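Structure first, commentary second.
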Amino acid sequence: MIEALYDQYFHDVFLYLKAISHSDDISEELTQETFFKAMKNLKSFKGECDVRVWLCQIAKNCYYSYCRKQNKMSGNEIPEDTPDTSAPVNISLEDQETVLEIHKILHTMQEPYKEVFTLRVFGELSFRQIADIFGKTENWAAVTFHRAKLKIIENMEEQK
């Protein structure tokens, strides 16, 4: 069973972790840890959400644990505050310079905006899947994404 899950969802979990960690090495290590934990806790999966969402929740927890361990060594804090703004606008990710600029802005952005934007754009998750990960509504995920997008656009316009 876990081998089939691994084959089917490895790439999705890896991309999700890469989107939030921005590191192939960390993503690969944490993807392995995610599936190890999933294998240990397979009996606890009740099927109340999509398997991909369940695996991404495990991956997110693995990533947060990793960050906490790193922070104990470096003395940095993981930001948990959430700002507020709103409005939708399209961002083209075809341009590599734009992508780099967005990543720089995301690096300074507060949660949950940073993660929701990353999951939607780079992790290619639906609003429903994002909502399931956070234990919120689909509408919350959409609004949070659009607020994050506005913050990125405002920041990009300020840099011009």
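The values are calculated or read from the model by the stated rules, or taken from the named source; none is laboratory data. All figures in this text were calculated on a predicted structure; none of them were measured in a lab. Heads up, the Cβs are rebuilt from the backbone with ideal geometry, glycines too, and the neighbour counts pull from every protein chain shown.
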Step by step: first the residues of region 127-160, then only those that are out of contact with any helix residue (DSSP H, G or I) (no Cβ under 8 Å at 6 or more places or on another chain) and either of a type in the set (Val, Ile, Thr) or touching a residue at least 40 places away in the same chain (Cβ under 8 Å) (or both), then the one that is nearest to VAL53 (Cα to Cα). Which residue is that?
VAL143
Here are ASP12, ASP25: which of them is acidic (Asp, Glu), assigned to a helix (DSSP H, G or I), over 15 Å from the mean Cα position of the chain (by Cα) and not assigned by TED's automatic domain parsing to the domain that holds VAL121?
ASP25
May I ask you to verify whether GLU94 is out of contact with any helix residue (DSSP H, G or I) (no Cβ under 8 Å at 6 or more places or on another chain), modelled with pLDDT of 85 or more and in a loop (DSSP other than H, G, I, E, B)?
no
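Among the residues of region 103-160, write down those that are hydroxyl-bearing (Ser, Thr, Tyr) and closer than 18 Å to ALA19 by Cα. Give the steps one after another, and end with the answer.
We begin by selecting, within region 103-160, every residue hydroxyl-bearing (Ser, Thr, Tyr); these are 108, 113, 118, 126, 137, 144.
Within region 103-160, THR108, TYR113, THR118, SER126, THR144 qualify.
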Select from region 43-59 the residues that are under 12 Å from GLN129 (Cβ atoms) and charged (D, E, K, R) and write down the one among them that is modelled with the lowest pLDDT.
ASP50
Filter region 111-150 for residues that are touching a Pro at 6+ places or on another chain (Cβ under 7 Å) and either over 26 Å from THR31 (Cβ atoms) or small (Gly, Ala, Ser) (or both) and give the result.
HIS146, LYS149
How many residues are more than 16 Å from GLN57 (Cβ to Cβ) and surrounded by fewer than 19 Cβ atoms within 10 Å (Cβ to Cβ) when one looks only at region 115-137?
2
